[in-house]
Amino acid sequence: MNAVSQTGPSIRFRGRSFMAMTLVADGPLQGWLADFDVWLQRSPGFFTGRIVVLDFADAAQSKADVERWIGELATRGVRLVGLEGVRPSLVDATMPPVLRGGRDATLVVTDNVTVSATTPAEPRKPAEPVNMLVERRIRSGQSIVCLEGDVTIIGSVGAGAEIIAGGSIHVYGTLAGRAIAGATFGANAQIFCTKLEAELLAVDGIYRTAEDIDDAFRGKAVRVSTADETLRIAAL
Amino acid sequence: MAKIITVTSGKGGVGKTTTTAAIGAALARTGDKVVVVDFDVGLRNLDLIMGAERRVVYDFVNVIQGDARLPQALIKDKRLDSLFLLPASQTRDKDALTEEGVDKVIGDLSRHFDWVICDSPAGIERGATLAMRHAEIAIVVTNPEVSSVRDSDRIVGILDAKTLKAERGETVDKRLLLTRYDPVRAARGDMLKTEDVLEILSLPLLGIVPESPDVLKASNMGVPVSINDPNSAPARAYHDAALRLKGEDIAMETPRQRLGLFGKFLRRAA
């Protein structure tokens, strides 16, 4: 066995850093999950496609504890890429690896759940936008936020609901709530919907309320864009 | 400096939001500058009752979190020049309201208005206690039925314990507003009598608003009931209540069952 000297296909290793979001597991699991569920209900799909690290803050007592946290989060669609603040003896090979040396970075999050971002090394922007697809009705009071990319809703957006996208917003249904597009990527964003009943439309910070939306577009399929600092609504 | 009123009840569905809009509009119609503030974050309705839901851009939570300045969030009423609305946020919950934030907003409002009317959410939790925190006058909205009266009694206790006035050792001026009073059912004895409610709660009576289709009609049209049809029975009751708040001495009118001759005859015969 002299594999070391054998020539063969070369494998390249490179260091690369990504921005991850850290969930802090502070407090007993049941209470924490109850709060988390309330929060998740208002911002469904928030964790879709996100890189999440779970920080136990040295509070985990047993391996069963760690397993329960990972399992409960998995059933809620949160996939963990790593663990933090936990003794290596409580972690086995089936669990995400233990990370060290994380540094805090700012991350815009729209609610008061304890969230901070960890960067193992130099922060870099993700190379591609992260888009969100939601296949259900968005009800009054719910808020869909995706600052990294576009939001597509297959279903209606009720009055009193809110969609905030870094890029464009697509609604295949009635848009009766508020749609705020271009929060990150600005004037290139647009809003599309198959039936317009919106309370407020905004692209790149330029907005119009229901009062100022031409009645001719009510109930119609439209696209909304900006040009010369004004909001333009056109039939699709 | 404004007089700060909180409209509260404990129980839901008794008419807090209807009352806030109606009293606010009635006071504004006398020429006073009035702002109505929706404290029901997450279940906002005052904008609908005021017919302003199509003009909401910023809300109470935006102001507290510094995303908007107070004048940007205030919505001016289309019918009355001196009536304004500060809407609640629908997408947040009551934890988004902080004590310091509420203190600052109410302080700013009271410098520019004659009346600040806070529409409390139902319940006795954070939202309700924040809404009553600054109250000088509390309008306790009660229906003439046992569950509503019990909840009002509970709220009166909280008004005496958790307001800034209570903390200073003073008392909030509490007034009872009896709503959804049905003269027909009252005559049949199906409802608590006004005297019974007054005895249980022992609060001065601000007014009695009759149950009326006019209230629902005005709500659906997005017009405060006191200005939708000023001659309707509920509108007159709210106007009298507003004048009583201004210190005028108006005789209390108990809504009566209107009977035709035939009805009177039948009742006597029964």
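What follows draws every value from the coordinates through simple rules; no lab data is involved. Nothing here was measured: the structure is a model prediction, and the numbers come from that model. Glycine also receives a Cβ, built like all others from the backbone with ideal geometry; neighbour counts cover every protein chain displayed.
Where the Cα atoms of region B:136-175 are projected onto their three principal axes, how long is each span, largest first, in whole Å?
Projected onto its principal axes, the Cα set of region B:136-175 covers 33, 14, 8 Å.
Let me know the whole percent of all Cα-Cα pairs from region B:54-206 that are separated by more than 28 Å.
31 percent
Considering every residue in B:228-234, what mean count of other chain Cβ atoms within 10 Å of its Cβ is obtained?
0
Starting at the first residue of region A:188-194, write each ³J(HN,Hα) from the Karplus equation 6.51 cos²θ - 1.76 cosθ + 1.60 with θ = phi - 60°, in whole Hz, x for Gly and Pro.
My calculation for region A:188-194 gives 6, 6, 9, 10, 10, 8, 8 Hz in order.
Quick check on my link table: of B:33/B:246; B:193/B:217; B:94/B:165, which ones sit more than 18 Å apart, alpha carbon to alpha carbon?
In this structure, B:193/B:217; B:94/B:165 exceed 18 Å between Cα atoms.
For a footprinting-style exposure proxy, rank B:154, B:92 by other Cβ within 10 Å, fewest first.
The most exposed by this proxy come first: B:154, B:92.
Which value in nm describes the separation of the simple spin-label points at residue A:61 and residue A:232, placed 7 Å from the Cα toward the beta carbon?
For the pair residue A:61/residue A:232, the computed spacing is 6.4 nm.
Ranking A:199, A:211 by Cβ neighbours within 10 Å, fewest first, what do you get?
Fewest-to-most ranking of A:199, A:211: A:211, A:199.
Sticking to Cα atoms, compute the Rg of chain B to one decimal and its Dmax as the biggest Cα-Cα distance, whole number, in Å.
Rg then Dmax for chain B, in Å: 18.5, 68.
Tell me, what ³J(HN,Hα) does each residue in region B:228-235 have, in order and in whole Hz, if you take phi through Karplus 6.51 cos²θ - 1.76 cosθ + 1.60 with θ = phi - 60° and put x for Gly and Pro?
Going residue by residue, I get 5, 9, x, 9, 5, 4, x, 4 Hz, with x marking Gly and Pro.
Before anything else, pin down the relative contact order of region B:98-217: Cα pairs under 8 Å, at least 6 apart, normalised by residue count, whole percent.
23 percent.
Between residue A:48 and residue A:76, what length comes free when the chain is fully extended (0.36 nm per residue of separation minus the Cα-Cα distance, one decimal in nm)?
Length gained between residue A:48 and residue A:76: 9.0 nm.
Between residue A:35 and residue B:161, with labels modelled 7 Å along Cα→Cβ, what's the label distance in nm to one decimal, could you check?
The answer from the label model is 2.5 nm.
Which whole number gives the average, over all residues in B:49-59, of C-beta atoms from other chains lying within 10 Å of the residue C-beta?
Mean shielding count: 3.
Considering every pair of different Cα atoms, what Kirkwood radius, in Å, is found for region A:133-184?
Averaging 1/r across every pair of different Cα atoms and inverting gives 10.3 Å.
Give the long-range amide H neighbours of residue A:20: residues separated by 5 or more places, or on another chain, with amide H under 5 Å away, using H modelled in the peptide plane at 1.01 Å from N.
A:118
With N set to the number of residues, divide the alpha-carbon radius of gyration of the protein assembly as shown by 2.2 N^0.38 Å and report two decimals.
Working it through for the protein assembly as shown, the quotient is 1.21.
Mind checking Rg over Rh on region A:146-221, alpha carbons, Kirkwood formula for Rh?
0.94
Ranked by Cβ crowding within 10 angstrom, fewest neighbours first, how are A:206, A:144 ordered?
Listing A:206, A:144 from fewest to most nearby Cβ atoms yields A:206, A:144.
For a quick check: with amide H placed at 1.01 Å from N, whose amide H comes under 5 Å from residue B:118's, ignoring anything fewer than 5 positions away on the same chain?
For residue B:118, the qualifying residues are B:5, B:6, B:7, B:37.
How are the alpha carbon pair distances in region B:200-258 distributed across 10 Å bins from zero to the largest one, expressed in percent?
Bin by bin from 0 Å, the calculated values are 23, 47, 27, 3.
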